[in-house]
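The values are calculated or read from the model by the stated rules, or taken from the named source; none is laboratory data. Just so it is clear, the structure is predicted and the values come from calculations on it, not from any experiment. Please note: Cβ atoms are built from the backbone with ideal geometry, for glycine as well, and neighbour counts cover all protein chains shown. The area values use the complete protein model at the heavy-atom level, side chains included, leaving out ligands, DNA and RNA. Shrake-Rupley method; radii C 1.70, N 1.55, O 1.52, S 1.80 Å.
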Amino acid sequence: MNIARENIDALNAVLKLNIAPEDYDAKVNEILKDYRKKANMPGFRPGKVPASIIDRMYKKPVMAEEINKIMSESIGKYLTDEKVNILGNPLPHESEQNTIDWDNQKEFEFSFDLGLAPEVNVDLSDQYKVPFYDINIDDKIIDDTIKNYTGRFGKLEPTDVAEKDGTVKGAISQLDEKGEVVEKGLSAENASIYLNTLDEESQKLFEAKKAGDTVVFDIKKVYKNESEIARIFNINKKVAEAVSGNFQVKIEELSKYVEAEINQELFDKVFGKDTVKTEEEFRNKIKEQIQSNFEYESEFRFHVDAEETFVDKIEMELPDAFLKRLMLYNNEGKVNQDDIEKEYPRFEKNLRWQLIKKSIAQANNIEITEDEIKEEAKKSIKNQFAQYGYYDIPEEELEKYSAGMLKKDEDRDRLADKKIEEKIIALVKEKVKIDHKKVSLEDFNKLYQEKK
């Protein structure tokens with residue numbers, strides 16, 4: 001078998017393969033011989049089916065599979081041995097329209113287009129300037145955080161009369177056009193109506209009402225969508241869509257949500273028993289917590305800005321026509337050429353960043369260990385549990401879940417890439433010129449809106 005590369009230009013090449021009978025005959029005959037041994041056909045003893053019949057039935061698909069295998073393995077070996085750095089995967093040559101005659105053809109020639117990766121050299125130095133936003137923590141942010149905590153740890157307290165921000169609980173029944181309860185109509189026991197979610201007109205219906213009173217209301221005004229109606233009456237969403245008209249609630253309980261007081265009980269609930277003991281300590285602890293969160297946000301924004309800085313500053317040419325063909329080929333039947341043209345700028349930007357990262361990692365010998373991947377997996381598992389309010393996960397549980405995650409190649413690659421990128425950004429931060437900017441939280445958030 002012969003394989004050779006013809007460079008079209010610095011970014012494009014054609015790879016040609018010639019496959020002769022001596023490359024595949026022995027293997028094809030071996031497979032067919034094995035088929036004959038196992039063949040069980042009417043009219044023939046097991047293992048005694050004539051070779052001509054086996055050939056007629058199986059030779060073409062076996063030969064096609066073997067040639068494809070030789071082709072794939074040969075291309076992979078060639079690219080590795082010759083250290084050819086390509087983008088994506090080889091594509092069948094655009095001009096190749098050959099139809100293979102599997103009955104008579106013995107020698108085969110295939111041509112593939114290659115998109116070659118450009119040479120990228122990144123000199124990490126203070127020639128690059130990247131902004132770093134330090135978010136100012138003012139009293140309003142602390143006050144808003146405290147307000148969030150007092151709301152989160154508040155509680156329902158009974159009231160004598162309905163209040164605008166309170167809750168009404170009682171039995172709900174469906175009414176007919178005459179205002180009478182529909183026999184076997186929709187009903188619900190201990191249903192809740194949150195008055196602060198109602199419009200002003202509906203709120204007035206409940207004004208000054210007490211336990212024992214009955215209130216008639218429009219179901220569509222009290223419960224805003226079919227999901228709420230379906231939940232209240234335990235019915236299907238499709239059925240709930242058709243529910244309308246007046247209902248009544250016989251009020252059994254009235255309550256309102258009262259925010260927690262700023263005292264030791266709240267301090268203990270937020271930070272653990274006796275961690276803080278005064279309101280001043282509470283505010284300082286909250287400030288530390290906010291600072292930690294803001295540091296993460298600032299670091300994330302630095303990552304975004306560093307990526308954009310390098311992508312904008314480092315010039316490189318890409319085989320655009322090949323890459324667009326590749327996108328279309330890899331998403332065949334799902335997208336058209338117009339879709340590719342719209343998506344390509346984002347794809348190109350991401351590819352440029354991938355090449356820049358690869359250059360930085362290679363030039364600075366950035367690697368990751370198995371232990372680092374394991375730790376990254378544990379961190380990912382911790383974050384997943386934290387979303388549901390679980391923070392103290394036993395080490396043996398983390399080990400078990402992370403081991404399961406790392407069995408999946410896709411997850412392992414994702415975690416490895418994340419850790420590599422983390423190291424790259426840390427090195428970038430160490431080498432480039434940092435332009436520190438003090439900003440308010442509002443202005444910091446505007447950065448993302450402006451980008452959109």
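A few comments on the model shown:
- For Ala39, the residues whose amide H sits under 5 Å from its own are Gly47, ignoring neighbours fewer than 5 places away on the same chain, with H placed 1.01 Å from N.
- Helix 320-330 vs. the chain, principal-axis angle (Cα, 0 to 90°, nearest 10): 80
- Magnitude of the charge dipole, the chain, Cβ model with Lys/Arg +1 and Asp/Glu -1, debye to 20: 1480
- Alpha-carbon Rg with Dmax, taken over region 327-452, Å: 19.3, 51
- More than 28 angstrom apart: percent of Cα pairs within region 1-141: 48
- Ranked order, Ser359, Ser72 - accessible area, probe 1.4 Å, largest first: Ser72, Ser359
- Dipole of the chain [Lys/Arg +1, Asp/Glu -1 at C-beta], most positive-end residue of Gly43, Tyr296, Ile232: Gly43
- Of the trypsin sites (Lys or Arg not before Pro) found in region 135-243, those that fall in a DSSP loop while having at most 14 other beta-carbon atoms within 10 Å are Lys164, Lys178, Lys184, Lys224.
- Helix-only arithmetic for the chain: the sum of -39500 (n - 2.57) across DSSP H runs with n ≥ 4, divided by the residue total, places the mean residue ellipticity at 222 nm at -16500 deg cm²/dmol.
- Helix 139-152 axis, angle to the chain major axis (alpha carbon atoms, nearest 10°): 80
- C-alpha long axis of helix 370-386 to longest principal axis of the chain, angle in °: 30
- In this structure, the residue pairs whose Cα-Cα separation is over 21 Å, taken from Lys140/Lys287; Lys155/Lys287; Lys358/Lys407; Lys164/Lys184; Lys38/Lys60; Lys184/Lys204, are Lys155/Lys287; Lys358/Lys407; Lys164/Lys184; Lys184/Lys204.
- Cα-based shape type of region 221-315, given that a ≥ b ≥ c are square roots of the gyration tensor eigenvalues and the cut on a/c is 1.5: oblate
- Each of Ile373, Ile393, Phe347 was placed along the dipole of region 329-399 (beta-carbon charges, centred on the mean Cα), and the one lying farthest toward the positive end is Phe347.
- Computed magnitude of the charge dipole of region 86-183 (debye, nearest 20; Cβ of K, R +1, Cβ of D, E -1): 680
- Computed on region 337-452, with alpha-carbon pairs under 8 angstrom and 6+ residues apart, the relative contact order is 29 percent.
- Leu406 sits with roughly 20 Å² accessible to a 1.4 Å probe, with DNA, RNA and ligands left out of the calculation.
- Rel. contact order, % - alpha carbon contacts under 8 angstrom, at least six apart, region 157-252: 36
- Loop-resident trypsin sites (Lys or Arg not before Pro) (DSSP state other than H, G, I, E or B) in region 326-357 with no more than 11 further Cβ atoms inside 10 Å of their Cβ: Lys334.
- Principal semi-axes in Å for the chain [√(5λ), Cα gyration tensor, largest first]: 63, 39, 23
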